[in-house]
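Below: the structure, in structure tokens.
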Amino acid sequence: MPIALYALTVGAFGIGVTEFVIMGLLLQVSGDLGVSIPVAGLLMTGYALGVFVGAPVLTIATRNLPRKTTLLVLMAIFTLGNLAAALAPSFAWLMTARIVTALAHGTFFGVGSLVATSLVAPERKASAIAIMFTGLTLATLLGVPFGSWLGLAFGWRSTFWAVTAIGIVALLVLATLVPADRARIAPAPIAEELKVLARPQVQLGLVMTVLGFGGIFAIFTFIQPILIQLAGFSEAAVSPVLLVFGAGLVVGNLLGGRWADRSLAPALIGTLVLMTAAMFVSGFAFHSQIGAIIAAFMLGTAAFATVAPLQMWVLQQAGGAGQGLASSLNIAAFNLGNALGAWLGGFVITQGLGLAAIPPVAALVPLLALGLAAFAVTLERRTVRAACA
């Protein structure tokens, strides 16, 4: 794989840390800023909604820029947003900083996916996307546990100072290693790009992504209180468990990429089956410490095994003009799912059902995604048969 792919991985790592690290800081943020745990969980929701809004807006706004320039501008926005979060004097300020940071997220991964697939042979495209997203999984494997420990030891602001430093490093690595566009191709008219959104298969893919990640983030957002209050871990033990969870993300991400390269439709169905099953089982496993460790790895593996198949499905169904917009919108869909999940987990808690009810309730959401995936694959096969007839 070209070294430029790993430059994208570094950028993805920085973005992944700032997105997910808040999960390990909910108790510290809620205590310091005087808000409840469900309200602190809205920091995940706010970030995700920022991605959802920022992805199409910034993708269209930067469509005439070279892709490398776009990546550098987005990483600069990301770095400044984290600096503002480190300085936040109030919850409202922190929420605003998170939203500003999130604006760069969707377009970075959307443009990054196109750059990644342009660097490799056609049969390696899903694996190239998976390598870029490995930065996201490594962020959870290394960044989130370290950020949680840093926040516990030195206060949650120190974590955002560290992420700001990561952003600066990522900016330098991208500037050095990502090649400049060899040939600037004039973008298609906006109306032509927007037509891609009218395709039923693209719409199905985006909804699958929202639902697939909606359930899993209902659990992820509240993983710290789940591990402490249900499984009985101490605050200091949360970081090592998150390390296990992150290891599952790395394994699942790479396996999902390879599976999607071999056969996309079975990978799409199979990974959603694994995700739904893992979430149902975790509802029982989180009541013991050994079970929680196993569940953390299992959830991480199942969750990120879906990333490459879902992203490749949308890219494949979009094709040609509008592929960049569709790619960014699918990243936005991932984060809309994150927002939905964070809200759903908070809703379960505020309804008095408790943390234990989150996994079984959340598992119903990817089950809906699985039904849509089965319908989409059936529709695709009928279209292929009709074209061959």
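Read-outs throughout are calculated quantities, based only on the coordinates presented, and are distinct from any laboratory measurement. As the structure is a computational prediction, the values presented were derived from the model and not from experiment. Note that we place each Cβ from the backbone using ideal geometry, even for glycine, and neighbour counts take in every protein chain shown.
Some values worked out for this structure:
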{"item": "Leading residue at positive end of dipole, the chain (Cβ point charges), from 334, 241, 62", "result": "62"}
{"item": "Summed residue charge, Cβ within 13 Å of residue 174's Cβ, Lys/Arg positive, Asp/Glu negative", "result": "+2"}
{"item": "Highest-first arrangement of 11-20, 86-95, where packing means the average Cβ count within 10 Å", "result": "11-20, 86-95"}
{"item": "Mean separation of Cα contacts under 8 Å, 6 or more apart, over the residue count of the range 98-240: relative contact order %", "result": "20 percent"}
{"item": "Charge dipole magnitude, Cβ of K and R +1, D and E -1 - the chain, Cα centre, debye nearest 20", "result": "820 debye"}
{"item": "Sites residue 198 and residue 280 - FRET efficiency at Förster radius 35 Å, r taken between beta-carbons, to 0.05", "result": "0.50"}
{"item": "222 nm mean residue ellipticity, helices alone, for the chain (DSSP H n ≥ 4; -39,500 (n - 2.57); rounded to 500)", "result": "-26500 deg cm²/dmol"}
{"item": "Mean Cβ neighbour count within 10 Å, used as a protection proxy, ranking 147-157, 325-335 highest first", "result": "325-335, 147-157"}
{"item": "Per residue Cα convex hull volume in Å³ - calculated over the range 226-383", "result": "112 Å³"}
{"item": "Local net charge near residue 84, Cβ-Cβ under 15 Å (Lys/Arg +1, Asp/Glu -1)", "result": "+2"}
{"item": "Over the chain, equivalent-ellipsoid semi-axes from the Cα gyration tensor in Å", "result": "31, 25, 18"}
{"item": "Overall Cα dimensions of the range 345-389 - principal axes, largest extent first, Å", "result": "57, 13, 8"}
{"item": "Volume per residue of the C-alpha convex hull in the range 51-128, rounded to whole Å³", "result": "96 Å³"}
{"item": "Charge dipole of the chain about the Cα centre (unit charges at C-beta), most positive-ward option of 343, 73, 227", "result": "73"}
